[in-house]
Amino acid sequence: MPSKPSLARALRQLRPSDLRGVARLATQATASISRVAEGVHQSVLGTMGLPGGPTPGRTRGLTGVVYGSVRGITSLVDAGLQAALVRLEPFIMGVPEEAQAVPRERQAVLAALNGVMGDRLAEDCNPLATSMGFYQQGRPLDPVALGAAGTASGHLLVLVHGLCMNDLQWEHEGHDHGAHLAQELGCRPVYLRYNTGLHTSTNGAELARQLQTLVAAWPVPVTHLSIVGHSMGGLVARSACQQAEQAGLPWRDLLRHLVCLGTPHHGAPLERAGHWVDALLGSTPYSRPFARLAQLRSGGITDLRYGHVLDADWQGRDRFRKSPDVRTHLPLPEGVLCCTVAATLAAQRSPVAERLVGDGLVPLHSALGWHDDPARRLAFAAAQQCVVHRVGHLQLLGNVRVARQLALWLAPAG
């Protein structure tokens, strides 16, 4: 939970458009709460044998009119607020964005919000939704400026963050894997920022397109492309490789390394726990309306149940319904040195530590690409696997041993 000074800094970093986004969220929350209340109301009426409205969870008659009026008035208030705030934004002057310090606290709050409900923000065109782009030191990447400064390199390193995170959070406990690799190998790191609430395959498709644009605009010829993905970032990177291959995008031939740090290749138990919350809430008529609250979690989060990377893994399916793992197996990209780092909070490897403990979020077997079904296993070579002990999921970003291993793998002769 953020400290009070951090929260105060985040509030000072708000932009005029943020107020409009928060207002939209508030009115949507009001409408959602009214639907939950109406659902509970109808559940009680149903136990008395009284019929409901035309759709499940809706009341009829005067009661239905009242709930419908609440939502109608809320919609009108939302429209009025949005129109008024859009007109006010030009008059709310502040320090030009390029002259401001990088708003780290604001970006952290936005990253968490997008991770939880980013798909809804994007669908609603909410200004709080994060757009995908490449950054350096928290500011949009400018390849022309890199070329003018002579700081571009033919070895391009792309770092892809994980769920509810952003490009600035690659710096962990004073260490940044990108900066470290730039110093050790002379590569040029760029950091992806994206909406982690969208499906991984949606982000993978957009990353494939943006990588092609980046390579084409790079001020020197790219001879060596490496991607490092943390957590969900590894799934997005694998999806991008597959979709670039299908589309015949030239950058795919430049890819030399793909490194995954704590990536849930075969899913994460915590998302499955969230799925059980859905099932438990839906088990009685009285709690069933509250299942809406559990189902706020985004498509990006539910993709972590089994490690979805393709559109076919989720399209046409109810992502909140209990179902077996029916995803299409996607092998590691060919012609690429694929490496994986897995962490465990345990002091040494054991069956319990591997299956239950993991790094606190991702089991060891999932991060290593192992699966009980041999046909689903990811073929990481033994030399391209690294297991670190007494290390948590986020600690992978600042671990010294991980940094040394990355430098060995990503070296030109790695």
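For this structure, a couple of remarks:
- Note on region 133-155: residues that are over 23 Å from G204 (Cα atoms) and either outside the structural domain of A217 (by TED's automatic domain parsing) or of a type in the set (K, R) (or both) amount to 0.
- Residue within region 219-235 that is among the aliphatic types (A, V, I, L, M), at pLDDT 95 or above and surrounded by fewer than 24 Cβ atoms within 10 Å (Cβ to Cβ) present: yes
- Number of the exception - V144 against (1) touching a helix residue (DSSP H, G or I) at 6+ places or on another chain (Cβ under 9 Å); (2) closer than 16 Å to R193 by Cα; (3) assigned to a helix (DSSP H, G or I): (2)
- Being of a type in the set (A, V, I, L, M, F, W, C), in contact (Cβ under 8 Å) with a residue 12 or more places away in the chain and more than 16 Å from L406 (Cβ to Cβ) is a property that V160 lacks.
- For region 233-251, residues that are in contact (Cβ under 8 Å) with a residue 60 or more places away in the chain and farther than 9 Å from G204 by Cα total 3.
- Residue match in region 186-195 (condition: in contact with a His (Cβ under 9 Å, 6 or more places away or on another chain), assigned to a strand (DSSP E or B) and among the hydroxyl-bearing types (S, T, Y)): yes
- Scanning region 168-176 turns up no residue that is in contact with a helix residue (DSSP H, G or I) (Cβ under 7 Å, 6 or more places away or on another chain) and either of a type in the set (V, I, T) or part of a loop (DSSP other than H, G, I, E, B) (or both).
- The single residue among A108, A83 that is out of contact with any Asp or Glu (no Cβ under 9 Å at 6 or more places or on another chain) and modelled with pLDDT under 80 turns out to be A83.
- Number of the exception - F320 against (1) in contact with a strand residue (DSSP E or B) (Cβ under 7 Å, 6 or more places away or on another chain); (2) modelled with pLDDT under 85: (1)
- Cross-chain or 6+ apart pairs with Cβ under 7 Å, region 345-369 first and farther than 22 Å from P333 by Cα, then at pLDDT below 85 and aliphatic (A, V, I, L, M): L345/V357; A346/A353; A346/V357; L361/L270
- Test: residue in region 127-138 that is buried (at least 16 other Cβ atoms within 10 Å of the Cβ) and over 16 Å from Q107 (Cα atoms): no
The values are calculated or read from the model by the stated rules, or taken from the named source; none is laboratory data. Computed from a predicted model, the values in this text were never measured in an experiment. Here the Cβ is made from the backbone with ideal geometry for all residues, glycine too, and neighbour counts use every protein chain on show.
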